[in-house]
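The values are calculated or read from the model by the stated rules, or taken from the named source; none is laboratory data. This one's a predicted model, so the numbers in the text were calculated from it and none came from an experiment. All Cβ positions, even for glycine, are placed from backbone atoms using ideal geometry, and neighbour counts span all protein chains on display.
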Amino acid sequence: MLTALTDYARLARAGWTLTRHDALVPREFAHMAPPPIKAFGSLTRIGAKGKDKRPGERLASAFEGLGPAYVKLGQFMATRPDIIGFAMANDLGRLQDKMPPFSTDEARQEIEAAFGKSADELFDDFSDPIAAASIAQAHKAKLKEGGEVAVKILRPSIERKAAAEFRAFGRAARNVEALSKTARRMEPLKFVETLKASAAIELDLRMEAGAASELKENLADNPRMRVPSVHWPLTARRVLTVEWIAGTPIADLAALDARGIDRKELARLVISVFLTQALHTGFFHADMHQGNMIIDDEGRLALIDFGIMGRLDDVARQTFAQIIYGFITRDYQRTADVHFEAGYITPDHSREAFAQALRAVGEPLQGRNAAQVDMSRVLQQLFDVTALFDMHLRPELVLLQRTMVTVEGVARLLDPEIDMWEAATPVVRTYIANAIGPRAQAEKLRVATRKALDIAPKLPHYVEEIGRAAEEISHHRVMLRTTEKKSTGAQAALWFLGLAALALAASFAFG
């Protein structure tokens, strides 16, 4: 009871802050609300701030004032224009993860608490904060043995504050789901759970260190990429130390041009790197905005800040690749089939009708570059299609969707005329060939064969177990005859031996 009251108190405080920014019942949308809510909105707008701003700008300002958890909520909301509209999504997409820094003295205290030694004993030239975000802030330092590093430190008490806010979010989401069928289709509780899980990883910097290390290994074969090395001796739950990477921020177009960087080629590299991560390894940097990418002194694209990472299992990766490839090759029927096979669309809908709807989305994109396509209209049409066919949000794809939108924005910043499909085709085609083509199928057959051969020596034991199970069922007076059970057991054994023989023959055929 006390926890519920605390949660509602937090939500009430947030509601008050939203009303002060005219972001709870925005005047632009008040006419669509029932009369009581419309009247409530009119009262709350008295003395509200930001009357010259758009609704999304006012909501972003309110979230910044409410703290880290709300900043993260706003950033995730920006990935759901199907719910909040494209204008508001764009405004929230510019929500800055920048906060006032905490003091250098507090940062030093965190270091000493983590390692039992003072910052001066561990580092030379430990700087004041050089960047401060909602979860942590960064300092630049030099190691005693030489080499520059970036030291990331969590905000004091951030874990406790975030846990309380996410608990309140969850309570609000449950209430919304109970009241609205439309909201249930968007699954706000799963959305909050995804956000909470992502934040939990961000709140343990050892997890971020592990992510950086894994991504560095995954991209090691790409000479055009760079991921900073983790300095493990000076990394703990609340402190992360990584190699310092000097270079040019990808958002500084003038500086890139001055260095002679080919921005068109860089845009293609950004798309290729994202798709390579998502498809070929299933582990991807899920926060690839322009502030997290640097062109180092050797011209390599460097990724930094690994607090938000995404994973896709084999099935999700193959589904994702086949959907993209279906659009690229204009095979809309196959694209529709993939949605049904993955369970994204329920069987009571028509595959042919869904393929027709996908064609209406995909055809306007063919052979056109980013400057010629209004992606807002395309995405709105796609969301309308998914709503028409009752397609539910897939939680494992939330971060993927968010990153795709972000990567597209960065690519268009670098090259406004980029053809997204053309840039994506080589990576997707290679993955399709390796993961779904004949060679991949042969490898799957080999694996299945080895498993069958491992099981074959145990077949007599399985037959005995089947027989014992049949006797046990008979003993309990189940209406099955023992002879039928023995026959079933013998048939099962024969089928199993036949399949094992077939697998054995296949192993020789493909060996």
Matching option when the condition is farther than 25 Å from Val405 by Cα and not assigned by TED's automatic domain parsing to the domain that holds Ile153, among Gly260, Gly282, Gly291: Gly260
I need every pair where a residue in the range 227-253 that is farther than 27 Å from Ala411 by Cα has its Cβ under 9 Å from the Cβ of a residue that is polar (S, T, N, Q) and in a helix (DSSP H, G or I), sequence separation at least 6 or different chains. Val230/Ser213; Trp232/Ser213
Has the range 127-142 got at least one residue that is among the basic types (Lys, Arg) and surrounded by fewer than 15 Cβ atoms within 10 Å (Cβ to Cβ)? no
Name the pairs: first residue in the range 154-170 and within 21 Å of Leu240 (Cα to Cα) and in the same structural domain as Leu240 (by TED's automatic domain parsing), second residue aromatic (Phe, Trp, Tyr) and surrounded by 15 or more Cβ atoms within 10 Å (Cβ to Cβ), Cβ to Cβ under 8 Å, at least 6 apart or on different chains? Arg155/Phe102; Pro156/Phe102
Give the residue that is nearest to Ala12 (Cα to Cα), with candidates limited to residues of the range 26-58 that are surrounded by 16 or more Cβ atoms within 10 Å (Cβ to Cβ) and of a type in the set (Gly, Ala, Ser). Gly41
Flagged in the range 336-367 as part of a loop (DSSP other than H, G, I, E, B) and polar (S, T, N, Q), in numbering order, are Thr346, Ser350, Gln366
Within the range 18-41, which residues are without any contact (Cβ under 8 Å) to a residue 40 or more places away in the chain and not in a helix (DSSP H, G or I)? Asp22, Ala23, Leu24, Val25, Pro26, Arg27, Glu28, Phe29, Ala33, Pro34
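Before we move on, is Ile328 more than 21 Å from Ser198 (Cβ to Cβ), without any contact (Cβ under 8 Å) to a residue 60 or more places away in the chain and within 24 Å of the chain's Cα centre (by Cα)?
On the way: more than 21 Å from Ser198 (Cβ to Cβ): yes; without any contact (Cβ under 8 Å) to a residue 60 or more places away in the chain: no; within 24 Å of the chain's Cα centre (by Cα): yes.
Here the answer is no, as Ile328 does not meet what is asked.
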Can you name the number of the only condition in (1) of a type in the set (Val, Ile, Thr); (2) under 20 Å from the mean Cα position of the chain (by Cα); (3) at pLDDT 70 or above that Thr430 fails? (2)
Restricting attention to strands (runs of 3 or more DSSP E) lying wholly within the range 197-313, give those where 2 or more residues are surrounded by 17 or more Cβ atoms within 10 Å (Cβ to Cβ) and in contact with a helix residue (DSSP H, G or I) (Cβ under 8 Å, 6 or more places away or on another chain). 239-243, 283-285, 293-296, 301-303, 309-311
